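Input: a single structure, listed below in structure tokens.
Laboratory data are not the source of any read-out in this text; all were calculated from the coordinates shown. None of these values were measured; they are calculated from a predicted model. Here Cβ is always computed from backbone atoms with ideal geometry, including for glycine, and neighbour counts include all displayed protein chains.
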Amino acid sequence: GRGSRRDRPGNEQAAQRARERRERYAAAARAPRPTERPRAPLRAPGARCPLAFFAAMPPRARPRLTRPITGVSNAYASHEAGATGYYAEEGARYVNPHDGGVREMLARATREWPELWGMGKGDDEIDDDEFGDRILDLSCGSGEVTSALVAAGVPLSRIDACDPYTHEAYLARVGTECERWSFEDVARGAIADRRWSVVVCSFAMHLCARGYLPTLCMMLACSARHLVVLTPHKRPVIDAAWGGWRLAAKESRDPYWRIRLRWYSTGPPMDDDVWEGEGDDDDDDDDGEG
């Protein structure tokens, strides 16, 4: 007769292959597993970081990424003393991971609003202005704002800076000393007798304690005519009652770096100078990193 299906040569070969597979699986299950797998390096030593390649591309040529970089928010969120404790420990080594975005946003701002930065002003105009032409880099970090403004053509001699935690990093990068004023110091009157045309605060004011923010804004309004805030958030929300600050131009956004730039002034709005970023008009908050 034809015999059973198991006796056929093809079925015997298939059964043998199945037995061999089961034996291999059983041997693999019995084999000891390493506690940690060796990981290959992300890139060869000395190789250029891929983010630097994307940052060097024109904004419109970049691929759309939802999160281009990792910031320090998780680091200070996990610190037992919060952001203050993190910056107190890491201030000398601090580097803003959004440095390239800050540079791009301020480069655009100096092109679009040259009068804000005192470019093209004559000595007579500056002498007649109560606030002069100096710029304060408030909570200056490692000097990303100062470096961006100098690269855009603002003389370093016109820029002052302050930070209670990162002054060593600022000196190492910029080559000049900065003041040690904190937000609390400013709110308590540390700069009451000083005057600047513009105060720039990058990736810091959204971290200011809410109890100090109104007083901080009022003290800044006494010492400066303009305030430029770069932030990854809708925060800080600045009330006009806190010194008369009002938006002088529409908020600018960069969708790649996820930075918002706002120009506030105690004077009338500059309607003719409104400029828009390339981002959409969504109101989603980003994680605070700075």
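Quick look at the values:
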read-out: The range 158-192: GluC sites (Glu not before Pro) falling in loop per DSSP and having at most 16 other Cβ within 10 Å; value: GLU177
read-out: Rough spin-label spacing in nm, given labels placed 7 Å along Cα→Cβ, for GLN16 and GLU184; value: 8.2
read-out: Computed FRET value (nearest 0.05) for ARG210 with ALA240, which takes r as the C-beta separation and R₀ as 25 Å; value: 0.90
read-out: Virtual spin-label span in nm between MET119 and ARG30, 7 Å along Cα→Cβ; value: 7.6
read-out: Inter-probe distance in nm under a simple model that places probes 7 Å from Cα toward Cβ, at ARG93 and ASP193; value: 4.0
read-out: Förster-model FRET efficiency, 22 Å R0, LEU156 and CYS222, C-beta, rounded to 0.05; value: 0.30
